[in-house]
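A short write-up of the structure that comes next.
The values are calculated or read from the model by the stated rules, or taken from the named source; none is laboratory data. Quantities reported herein were computed from a predicted structural model and do not represent experimental measurements. Cβ coordinates were reconstructed from backbone atoms using ideal geometry, including for glycine residues, and neighbour counts include every protein chain displayed.
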Amino acid sequence: MATTNGPARLTVAGIGGLDETTVEFERGVTVLTAGDAADRTTLLRSLVTALGSDEHSLARDADTDDSRVELSVGGERYARTFERSHGRVVASGDPYLDDSTAADRFAFLLGSNEARRAVANERDLREHVLCTVDTDAVRQEIADLRAERAELDDRVGELAALESERPSLRERRDELDATIERLEAELADRQATLDGIESAAVEADADAEEGPDTDANGSDADARQDRRRELNAALDDIEVELEAERESLDALDAEIHEIESELDSHPADPAAELDALTDELADSRTRKRRLDADITDVQRTLRFNERFLTSETSPVAAVSEAESENDESDGESDDGDSVVCWTCGTSVPEASIESTLDQLRTLRDDRREERAEIEDRIERLQERRSELESLRERRCDLETRREELRRERAERRGRVEDLEARCDDLESEISDLRRDAETAEPDGRAALLDAHREVNRVEFELERRREEHDTVVADLDSLEAELDRRADLEMRQDEIDDRIDDLRGRIEQLERTAVSEFNDRMADVLDALEHDRLARVWIERQSDDDARDSALPSRRFVLHIERRTDDGKTYEDIIDHLSASERELVGLVFALAGYSVHEVYDEVPFLVLDSLGAVDADYARKLIDYARTAADYLVAALPDPDARTLPESYRRVRVAD
């Protein structure tokens, strides 16, 4: 930011009724006087636009394609231009502020200022009080922690379910240990038997070497033995494949059963309800569009009327002045109690216009409430439609998956039947070979073949059980490791709970501190005003009934007003009971408190005051006296009679008629 030791210069061209105007602001107080009230307001809006505000609709007053505002302050120049593009006025350039959020609320105090209007319309002041307090980051951290907590809850629940599997895994491991031990003992016995038979066979072969048919008989026996080995090996492979196929069939049956159970629990196709929801959504959206249009029209009318009411002029007065040099009416009656209505051109009491504006505000608020209800209904309908569409998609996916599984099950059943047939064929052929061996070979040779087959069978079974044992042990180790993490997860849950409590406490403290500072500053402003009726203005934090069930309920920031009677007694009152002057004054008290609490003076060197006509001149003077020390440049727009009540030391700048 530039230093602000010297004067500041503002140039406005092609905005509102200002063709090209340059105004210089000295440090301290500058009072804009005389001229047309609309021109004074346009000048102030041009100033805050150059400072960075986009909230005062300056662009709509741009009269030419080269409309611009320029501000020179502290040796730096800041400019914004306005050009028409596709029927719209587009702003560009480099303003003083990159982010004018706080300044729009508490430094640029024009008649449409949101902080002032929030007080006058009894709105929740939370967003204004906390606009520079970083509670959003804290709330986001709480939301992230709650999401992590939910994930941890799910994981701990899964581990609790897994814990029930541990006893069965341990039992299966112990069973396999016993089975392996039994098979190892059986294999040792079978191997010993085979070794004994082989020794006997070797001796028998040595005794029979002198016989004439030894080679032929031995060759036939060896061929049969080799064939039986091949068949046994093939049978073992097929049995392994057959067992795998049967396990797959069991898994398929289980998955199909689960899908059918889920399908039974799902409702039928919700087409009728979906059609009804679609129709209701269309009707609700049509109603919302109509409400949006109504609210826009009412808001536009309100802004138009508020602008001219607060700037002490009217279009009718402006037109009359342009049409006739003899017409000296400026939109106000001589006594200041009536104005020229800019819809019919007649003189009406100002209170009547205020009453009409109040009715329009009530209508706008009613429409907004109805729109909020419609938006909630649309959201609920959309959620229900999404839910039904998800259910329909899930049912379709389940039915498709069931058909795929049924086809796969039929194919696997066919393979199982083929494998069972092959097993039968192999077992039949092995039996035939065994009978041939028993007939053609000596008893010792047949016994040797049987012993080999038994050893192979036990070895195969032992290998299978060892593999299953390794799988069960690995699953058990993995489960134990997961369960060991449960304590860490539960510890993290406690840490998250503690952290959320700390963050909630931090938000609570931030809110309390901000409210306390606002209340202190508003008390300072009221003390400076020495108001004879307004005894106290303060903010109270109240629970939001709509958010009591949420994890982090919000609080409404409600303004309270305490009045003083002639005999010095005080009582609490509401904003609606205050006069228009008092309402505007309370709004300015709140806004000036925010200017100090949020240290807006560190962001922007200007404090701008407009629409002070409704405030008693004496209180307007005291308000300016109080605020002048807070800003490098305080710029206030006042009509000549009110400006005369201010000290002569305040610099006057006369806006040309």
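What's the total number of residues in the stretch 481-494 that are surrounded by 12 or more Cβ atoms within 10 Å (Cβ to Cβ) and either of a type outside the set (S, T, N, Q) or closer than 13 Å to E163 by Cβ (or both)?
Selection size over the stretch 481-494: 7.
Given the conditions (1) farther than 16 Å from L526 by Cβ; (2) assigned to a helix (DSSP H, G or I); (3) at pLDDT 90 or above, report the number of the one that L588 does not fulfil.
(1)
Is there any pair linking a residue in the stretch 164-176 that is over 10 Å from L476 (Cα atoms) to one that is of a type in the set (K, R), with Cβ under 7 Å and at least six apart or on different chains, and which?
Filtered contacts from the stretch 164-176: L176/R465.
Quick one: which residue in A617, A593, A630, A580 is modelled with pLDDT under 90, under 39 Å from the mean Cα position of the chain (by Cα) and among the small types (G, A, S)?
Exactly one of A617, A593, A630, A580 is modelled with pLDDT under 90, under 39 Å from the mean Cα position of the chain (by Cα) and among the small types (G, A, S), namely A630.
Checking the condition part of a helix (DSSP H, G or I) and modelled with pLDDT under 85, which residue from E203, E209, E255, E260 passes?
E203
Of all helices (runs of 4 or more DSSP H) completely enclosed by the stretch 85-198, which ones contain at least 2 residues that are exposed (fewer than 15 other Cβ atoms within 10 Å of the Cβ)?
Helices (runs of 4 or more DSSP H) meeting the threshold: 135-163.
Please give the number of the condition P605 fails out of (1) buried (at least 20 other Cβ atoms within 10 Å of the Cβ); (2) closer than 26 Å to L578 by Cβ.
(2)
Looking at (1) surrounded by fewer than 15 Cβ atoms within 10 Å (Cβ to Cβ); (2) under 30 Å from S168 (Cα atoms); (3) at pLDDT 90 or above; (4) not hydroxyl-bearing (S, T, Y), can you tell me which one E530 breaks?
Of (1) surrounded by fewer than 15 Cβ atoms within 10 Å (Cβ to Cβ); (2) under 30 Å from S168 (Cα atoms); (3) at pLDDT 90 or above; (4) not hydroxyl-bearing (S, T, Y), only one is false for E530: (2).
For L109, indicate whether it is under 30 Å from L609 (Cα atoms), touching a residue at least 60 places away in the same chain (Cβ under 8 Å) and of a type in the set (A, V, I, L, M).
yes
Is there any pair linking a residue in the stretch 628-653 that is closer than 14 Å to A107 by Cβ and assigned by TED's automatic domain parsing to the domain that holds L110 to one that is at pLDDT below 85 and among the polar types (S, T, N, Q), with Cβ under 6 Å and at least six apart or on different chains, and which?
What qualifies is D632/T4.
Using the structure shown, decide if R533 is touching a helix residue (DSSP H, G or I) at 6+ places or on another chain (Cβ under 8 Å), outside the structural domain of T42 (by TED's automatic domain parsing) and within 30 Å of D144 (Cβ to Cβ).
no
Could you check, for the stretch 5-21, whether at least one of its residues is at pLDDT 90 or above, acidic (D, E), in a strand (DSSP E or B) and not assigned by TED's automatic domain parsing to the domain that holds R300?
no
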